[in-house]
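Single-structure report; data block below.
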Amino acid sequence: MNVELMIDSLPALLSGLVVTLKLVAAALVVGFVIALPTALARISRHAVLRGLALGYVFFFRGTPLLVQIFLIYYGFAQFEALRESPFWTILREPYWCALIAFSLNTGAYSAEVFRGGIQSVPHGQVEAARAIGMSAATVFRRIVWPQALRQALPAYGNEMILLVKASSLASTVTLMDITGVARTLAAQTYMPIEMFTAAAAIYLALTYAMSWGIILLERKLTPKETRL
Amino acid sequence: MFDLEGFGDLLLQGTLVTIELAIMSLVLGLVFGLLGAAMKLSPAWPLRLLAGLYTAVLRGVPELVVILFVYFGGVLFVNGVAGALGHDGYIDVSAFAAGVTALSLTFGAYATEIFRGAVLAVPAGQREAARACGMSPVTIGFRILLPQVWRFALPGLGNTFLIILKETALVSVIGLDELMRKTEIAVGYTKKPFTFFLAAAFIYLVLTVVVMAVQRGLETRANRGVAGRAGA
């Protein structure tokens, strides 16, 4: 293995890391904003809301992310009206299409994680809070959500790591993320083993750093007296 | 069933390749998973270290990178070995073989952890009791451990297989004519990307639903005779 070449390619791969991190961070924020209302809709009393949320979650968890990206990036071009609309300045950009696909995808997975967390909070606590006179919104903000988030954190952490790995699909729509840079360099240098090993090492470092961060956060959010 | 401007058959052919790819990866991946779990639970530390490295790398690296590495790295490796053995001329590596290798290695890494957890979930007293009855370690493995490990591992294995089923789409990147690649071909002819990628999405949804139904059936069967679980 040509280690020198791997070291030479590091600056380019690190510029790919920046693209990966940007995509992941933005998708996590947008995904979170989608996931929370979706989780609430999944356990709502209104059948229509439940049905809509279920349909969304079912579609995005039941189909490959690659199909979702291509559906957005290539698919929307089929519609003349869309191509002439102001949205087209966004939908023709691979960056925005990848970001939309990642956000919708992680939103669907995170919604199920949050739903599990919310449903794990004992209902007696909700009734007690209501009995003291808290509004439904206050009950959620003060009683349900903090406990739901703590409960959901390990699974949500896993989803964050899966999103880092999924972000490698950005390279399929020409984006220069870590995988995109590695693919380009591999084609230029005819050294695929070196390039993909270097890319894999960066992903490993990233996913490990994240899993440690999540473990630290879990410890921080566990009350001291219950710590082992 | 569906015509899709004459491209329905093409998509169905691709679907068959996708199913073959997923099932081959499942079977090989289960073997890797059992081997990996045996190594992780072994008293010999070099084996534990090796299995630990395997699961750490394969679970921490994106599947797309693994697929690209196996395919392009595999081409160089095979031709390098063949060249050293005095073969001249180029040997092609099949995208199917590379896809199965990459996906089964990934499935195996997740299955290793699932099997390890399932073995640890069998109470140690049962093994001691079986040994006290005079069973050999091999008999204990087949009669006492495996039937229960299977039951504990099924939910995790089913979920991981659903992930691998969707990841077969990534093998289209190295040119395997599975469902995704066939869909791209149909898009090239018809210029109707939305229609065809949506059709592909629905085929994947159907496959997902079928796998979920099979998983439920297997779980019900594995749980028969367990108090409060059978047919639940």
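Couple of notes before you dig in:
- Each of B:CYS133, A:CYS97 has some number of other Cβ atoms within 10 Å of its Cβ, and from fewest to most they run B:CYS133, A:CYS97.
- Sites matching chymotrypsin sites (Phe, Trp or Tyr not before Pro) across the stretch A:125-213 that sit in DSSP coil, with at most 11 neighbouring C-beta atoms within 10 Å: A:TYR190
- Between A:PHE32 and A:MET134, the modelled labels are 2.1 nm apart [label points 7 Å from Cα along Cα→Cβ].
- Long-range Cα-Cα pairs in the protein assembly as shown (distance over 44 Å), rounded percent: 18
- Residue ranges B:135-144, B:156-165 sort as B:156-165, B:135-144 when ordered by packing (mean number of other C-beta atoms within 10 Å per residue, highest first).
- Rg/Rh for the stretch B:11-178 (Cα atoms only, Rh after Kirkwood) is 1.07.
- Membrane-span-like helices in chain B, defined purely by DSSP H runs whose alpha carbon atoms cover 27 Å or more axially and whose average Kyte-Doolittle hydropathy reaches -0.5, are B:8-40, B:95-121, B:146-167, B:193-222.
- Under the convention that each Lys and Arg Cβ holds +1 and each Asp and Glu Cβ holds -1, the size of the dipole of chain B around its Cα centre is about 1180 debye.
- Remark: mean inter-chain Cβ contacts per residue of B:174-181 equal 1, using a 10 Å Cβ-Cβ cutoff to other protein chain atoms.
- For the stretch B:11-178, the residue among B:ALA102, B:THR168, B:PRO155 whose Cα projects farthest onto the positive side of the dipole built from Cβ charges is B:PRO155.
- A protection proxy built from the mean count of other Cβ atoms within 10 Å ranks the segments B:167-177, B:79-89, B:205-215, B:7-17, most packed first, as B:167-177, B:7-17, B:205-215, B:79-89.
- Applying 1/(1 + (r/R0)^6) with r as the Cβ-Cβ distance of A:LEU149 and A:ILE90 and R0 = 25 angstrom yields a FRET efficiency of 0.20.
- Think of chain A as a dipole: +1 on every Lys or Arg Cβ, -1 on every Asp or Glu Cβ, centred on the Cα centre; then among A:ILE132, A:LEU10, A:ALA81, A:ILE132 lies furthest on the positive end.
- Our compactness index for the stretch A:3-226, the C-alpha radius of gyration over the empirical 2.2 N^0.38 Å, is 1.21.
- Spin-label model distance (nm) - B:VAL209 vs B:TYR189, 7 Å beyond Cα toward Cβ: 2.7
- Helix-only arithmetic for chain B: the sum of -39500 (n - 2.57) across DSSP H runs with n ≥ 4, divided by the residue total, places the mean residue ellipticity at 222 nm at -24500 deg cm²/dmol.
- Cα-based helix-to-principal-axis angle, A:10-42 vs chain A, degrees rounded to 10: 30
Where a number appears in this text, it was derived from the coordinates with a stated rule and is not lab data. What you see is a predicted model, and the numbers here were worked out from it, not measured in a lab. So basically every Cβ, Gly included, is an ideal-geometry build from the backbone, and we count neighbours across all protein chains shown.
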